[in-house]
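The structure appears below as structure tokens.
The values are calculated or read from the model by the stated rules, or taken from the named source; none is laboratory data. Everything numeric in this text was worked out from a predicted model, so none of it was measured. Cβ: placed from backbone, ideal geometry, glycine included. Neighbour counts: every protein chain shown.
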Amino acid sequence: MTPKLLLTLGGLYGLLGVLLGAFGAHGLRDRLEPSQLDSWQTAVQYQLFHAIALIIVMVWFLHTGANALRYAGGLFAVGITLFSGSIYLLILGSASWLGPITPLGGLILMAGWGCVIYAGLSLQS
């Protein structure tokens, strides 16, 4: 994925995170069990945190050109979609088969952070 695409996705994920957070707080509050609402909030938080991380990582990539950062951005983009997206769909009742996708998304997010660690350790002091 290109840095332009990843920066754009970071902004889109941020926008959708705010929108989905508001939807959960106002539109779903009376329709979901408290544990479901907690899971929704977790998905929103992870999405927003990683949207910010994605933007920061892509700006860092543009300054250094470190390929590990490009990989981190791609992993964050895929991980957000799989982790948060599967939780949203599970809570809305779309498909129970998505349950195993959530931890896979979490592992992909962790791999993204591993790439960030590698890029940091690779910096010339």
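Considering L121, L62, L107, L69, which residue is closer than 18 Å to T2 by Cα, surrounded by fewer than 20 Cβ atoms within 10 Å (Cβ to Cβ) and either at pLDDT 95 or above or among the basic types (K, R) (or both)?
That would be L62, the only listed residue that is closer than 18 Å to T2 by Cα, surrounded by fewer than 20 Cβ atoms within 10 Å (Cβ to Cβ) and either at pLDDT 95 or above or among the basic types (K, R) (or both).
Considering (1) buried (at least 20 other Cβ atoms within 10 Å of the Cβ); (2) touching a Ser or Thr at 6+ places or on another chain (Cβ under 7 Å), say which one I80 fails and leave the rest.
It is condition (2) that I80 fails.
Scan the stretch 25-78 residue by residue and report those that are more than 28 Å from V116 (Cβ to Cβ) and of a type outside the set (K, R).
Selection gives A25, H26, G27, L28, D30, L32, E33, P34, S35, Q36, L37.
Would you say D38 is out of contact with any Phe, Trp or Tyr (no Cβ under 9 Å at 6 or more places or on another chain) and modelled with pLDDT of 95 or more?
Yes; evaluated as a whole, the condition is true for this residue.
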